[in-house]
Amino acid sequence: QGLPNLTLAELIETMGGNNTKPECTELEQLHKELAEQKAQKAELSQQVQKLAADRKPTEFDPYLFPSLNSLSANRSQKTTITEYIIQHTENDQALAMLMNAVQHACKVTANAIAKAGPAGLYGLAGQENSTGDDVKKLDIIANDIWVDCLSLCGVCCLLVSEENEDPIVIKDAHKRGPYCCAFDPLDGSSNIDCNVSVGSIFSVYRRQSEGDGEATVADILRPGTDIVVSGYCMYGAATELVVTFGKGVQRFALDPAFGEFVFVSDMIMDPKGGKKIFSCNEGNSLQWDPPIIKYVEECKDSGYAARYVGSMVSDVHRTLLYGGIFLYPADKKSTKGKLRVLYEGYPMAMITEQAGGIASTGMFKGKLGRVLEVMPEHIHDRCPIIMGANRDVNKVISLYSEEGFEVKG
C-alpha cells in the first residue's frame, strides 16, 4: 500500500540494484591483487632458495630459513652423547653405563637448578662441607643426585664428593664395578642465588686393586695421568656437557625438545692463543707471588681484558672457547692453592691439555709442574691452577724461570 506503480527493474534500481555491477568489479579487482601477491611471494621464495643454494650453510640457517628443508638442522639426525659413548668406550660396557649415569645426573641436576627459585631452594642449608665451605640447599640436592646416580649404576666401587668428608665405598657386591669417580656436584654454588652459571665436574679412574672386593682410597689417590675420562657440565643459558676420553674434547648441548645431549663441536684451543683475556680473583693479589703480580700487570698494560665469573666451570669453559688464561695460584694465605685436586684440578687440566692448552700448578711445593702429575695424599687435597692457551701459560712460567725457580715438565 502506498508504493508507486513501478516495474520490477525500476524497483531494483530504486533499492540499490544499480550497485551490483560495481561490487562485482571490486571483487574481481581484489582477486586480481591477491593473485599478484601470490606470484610475488612465489618469486621471492625462488630468489631466497637460489641465494641459499649459492651460500655456505651456517648454524643460523634453521632460524633464518626455517622453511628450507635443505638448510634446516635436523636435530633427530645429530649425534647424541649416548651414541658417542657407545662408539668411544671401546666395547667397555661398564664405562658406557657409568657415562650414561653421569649424563643422567647432569640432566636431573639441571632440572633442579631450573626449578630452584619457584621451589624456594635458594639460600644456605646451615652447614659446612668437607672443605669448610658454606653449603647451599642446592649443594645438598645436587650431591644426592650424583651419589644416587653413580652408586646405583652398578659399575662404581668408590665415590669421592666435595660434599662428603669420607669416600663412599660401594659395599654391595652386586652393585659394585671396576670404576672410581670423583666429582664436585655443584661447582660455583656461591653464585647460584644470583642466577650465575654453575656446573658439575668429574673424573673417572679404573680401580687398580685386584679382586672384586671393596675398593680402597688408594684406588683413587693417583696422579691425573691415570684418569680414564673426565668432564664437566655447565648449567647456564644452555646446559652443556664437555667430555674427554683422552682423544680430544667434545662439546654437547642438552636439547630440551627431546631431553638428550647432542653433539655441538670438538673443542680445540686457538694455537695462537685466541682472545687476550685473563681471568683471576684480583682480590687476592696482595698475597700472590711476584711473578703472578707482574704477569697480571703486564696483561693490563698490553690490552688484555679481565673476565672473572667466580665459577671455575664458567671461567674455564670461556677460556677453552675464546682463549687466554685462567689463574687461581697459590698465595701466602693458601700455600697449596684453593682448588681441589681430584675433582677440580685434574679433570679441568686433562680437558685443557686435550684441547691443546697447558695446565700448570704455577709455584707449588717449591717448583713449577704439571697439574696432572700432582700426587694427592688425601681425597680433598688442593693445588694451584694456571691453565689456558700456550701463549699465556708459558709467559707465566717464563716469569718464574727468570726468578730462578725450578720448572718441572
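The values are calculated or read from the model by the stated rules, or taken from the named source; none is laboratory data. Please read all numbers here as calculations on a predicted model, not as lab measurements. Neighbour counts are summed over all protein chains in view; Cβ atoms, including those assigned to glycine, are modelled from backbone coordinates with ideal geometry. The accessibility values were calculated without ligands, DNA or RNA, using every heavy atom of the protein model including side chains. Shrake-Rupley method; radii C 1.70, N 1.55, O 1.52, S 1.80 Å.
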| query | Do any of 137/338; 136/175; 107/137; 332/395 go past 25 Å between their Cα atoms, and which? | reply | 136/175
| Largest-first ordering by accessible area, 1.4 Å probe, given options 270, 219 | 270, 219
| task | With an 8 Å cut-off on Cα pairs and a minimum separation of 6 or more residues, tell me the relative contact order of segment 248-329 in percent. | result | 35
| said: Output needed: percent of Cα pairs per 10 Å distance bin for segment 126-224, bins running from 0 to the one holding the longest distance. | reply: 15, 45, 28, 10, 1
| said: Could you tell me how far the Cα centroid of segment 287-319 sits from the Cα centroid of segment 336-388, in Å? | reply: 17
| remark: Of 405, 364, 252, ordered by accessible area with the largest first and a 1.4 Å probe, the sequence is 405, 364, 252
| remark: Largest fluctuation, 57, 178, 347 only, Gaussian network model of the chain with Cα springs under 10 angstrom, belongs to 57
| remark: Restricting to lysines and to Cα separations under 22 Å from residue 32, and discarding same-chain partners fewer than 8 apart, the set is 21, 41
| What does the accessible area of residue 365 come to, in Å² to the nearest 10, when a probe of 1.4 Å is used? | 130
| At what distance in nm do the modelled label points of residue 247 and residue 282 sit from each other, each positioned 7 Å from its Cα along Cα→Cβ? | 4.4
| Given the Cα atoms of the chain, and with Rh set as the inverse mean 1/r over their pairs in the Kirkwood sense, what is Rg to Rh to two decimals? | 1.26
| task | Using the heavy atoms of the protein chains and a 1.4 angstrom probe, tell me the accessible area per residue for the chain in square angstrom. | result | 52
| message | So if I restrict to the alpha-carbon atoms in segment 237-331, what is the Rg, and what is Dmax, the biggest pairwise distance, in Å? | response | 16.0, 52
| query | Picking from 398, 230, 279, which is most flexible by a Gaussian network model of the chain using Cα springs under 10 Å? | reply | 398
| field | Residue-count net charge about residue 94 - beta-carbon cut-off 12 Å; Lys, Arg +1, Asp, Glu -1 | value | +1
| task | Determine the share of the chain's accessible area contributed by carbon and sulfur atoms, expressed in whole percent, with a 1.4 angstrom probe. | result | 52
| For segment 253-385: rounded, prolate or oblate by the Cα gyration tensor [a/c cutoff 1.5] | oblate
| query | How much accessible area does residue 382 have with a 1.4 Å probe, in Å² rounded to the nearest 10? | reply | 60
| remark: Rg (one decimal) and Dmax (whole number) from the Cα set of segment 192-236, in Å, equal 15.3, 48
| field | Extension gain, residue 222 back to residue 79 (0.36 nm per residue minus Cα-Cα distance, nm) | value | 48.2 nm
| message | Nearest 5 percent is fine: what portion of the DSSP beta bridges confined to the chain is antiparallel? | response | 80
| task | Kindly report, to the nearest 10 Å², the accessible surface of residue 348 as traced by a 1.4 Å probe over protein heavy atoms only. | result | 0
| task | Please give every one of the aspartates and glutamates within straight-line cross-link reach of residue 272, meaning a C-alpha to C-alpha distance under 16 Å, and leave out same-chain neighbours fewer than 8 residues apart. | result | 353, 392
| Hey, in the GNM for the chain with a 10 angstrom Cα cutoff, which one of 39, 110, 349 fluctuates hardest? | 39
| request: Sticking with the crude label model, points 7 Å out along Cα→Cβ, report the distance from residue 395 to residue 46 in nm, one decimal please. | output: 5.7
| message | Quick check on segment 283-346: take the gyration tensor over C-alpha atoms, sort the square-rooted eigenvalues as a ≥ b ≥ c, and tell me if it's rounded (a/c under 1.5), prolate or oblate. | response | oblate
